[in-house]
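Report on one structure; see the data block that follows.
The values are calculated or read from the model by the stated rules, or taken from the named source; none is laboratory data. Keep in mind that this is a model prediction, so the values were computed, not measured. Cβ placement follows ideal geometry from the backbone for every residue including glycine, while neighbour counts extend to all protein chains displayed. Please note that ligands, DNA and RNA were not included when accessible areas were found on the heavy atoms of the full protein model with its side chains. Shrake-Rupley method; radii C 1.70, N 1.55, O 1.52, S 1.80 Å.
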Amino acid sequence: TVFMRTHLLLISTLIGLLSHAQKNQRQAPWQQQANYSIDVTLNDRSNVLTGFETIEYFNNSPVALSEIYIHLYPNAYKNTGTAFAREKAEGGDKTFWKADSSMRGFIDGLQFTVDNEPVTLKMSTVNIDNAKLILTNPVPSKGHVTIRTPFYVKIPYTFSRLGHTGHAYQISQWFPKIAVYDINGWNQFPYLDQGEFYSDFGNYQVQITVPQDYAVAATGEVGGGASLSVLNST
C-alpha cells in the first residue's frame, strides 16, 4: 500500500508468503486459515496507525488448540534487544542501534477477545514481537473462533520494511498476525530484515483512511472488500 502526497504509504498484507525453507520437513493434508477484516487510519502528524481487526481463525488441524500464537512485528523496532536489532548489528549496520528512541516503533493498545470474551495476552520472554493468547476454551479440531482487537502502531523511521521517511510511508507486517500452526507445531519466528514470512492463507478485507493528497498503492481490489477513505486536513 502506498500513501503519497509526495507523501507515500505502502501497506502490504503479505498474504500467504512462505519464507523459510521447508525441505525435509513433514507435510500435512491440512492447513489453517485466517481471514482478516481490518480498519486502519493514518495520522501523518504523529506517524501513527490506529486500527481495529477481526480475525476468523479456522482450526483445520486434528488437535484442539488451547493457545494461539500472535506475531506483533512492529515491536521488532522497539529497542536494541530484538532479533531484528541484533541481526542488523551483526551485519555491520549500527543505524538502528544509534537511532534516537523517537525514531523507533512499536505496537500497543491491544485488547484481545475471542468469541467476545476477553483473553490473556502473554508476551514472549525471548522475542517481544511474539506473544500468545491463552484461551478460556480450546479451539476444537475443525472448529473456528472470532478474534478481535484494537491496535496502535507507532511507525518507525525506515530501517526495514515498516517505516517512514518524512511523509513517505512503507507499511508492511503492521497488524497483529496469527502465527502458523502446522504439523511441526507453532512457528514463532521473530521479525528479521532478511528473508520473508511464513503466513496462513486467508481472505483480507482492509479499509484504509488517509489524509487528503495521499496516493495509496496496495494489493487487492477496491470494492472487493477493500475501501479507501480520505480525511479532510489542513
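Given a 1.4 Å probe, how much area per residue of the range 42-149 is accessible, in Å²? Intermediate results must be reported in sequence, preceding the final value.
Working: 5210 Å² over 108 residues.
Using a 1.4 Å probe on heavy atoms only, each residue of the range 42-149 averages 48 Å².
Round to the nearest 10 and report in Å² the accessible area of S141, as given by a 1.4 Å probe over the protein chains' heavy atoms.
For S141, the solvent-accessible surface is approximately 50 Å².
Quote the accessible area belonging to T120 in square angstrom, nearest 10, computed with a 1.4 Å probe and with ligands, DNA and RNA left uncounted.
The accessible area of T120 comes to roughly 80 Å².
Tally Lys/Arg at +1 and Asp/Glu at -1 over every other residue whose Cβ is under 12 Å from the Cβ of Q32; what's the total?
Working: positive: K142; negative: E56, D182, D200.
Every neighbour counted, the sum reads -2.
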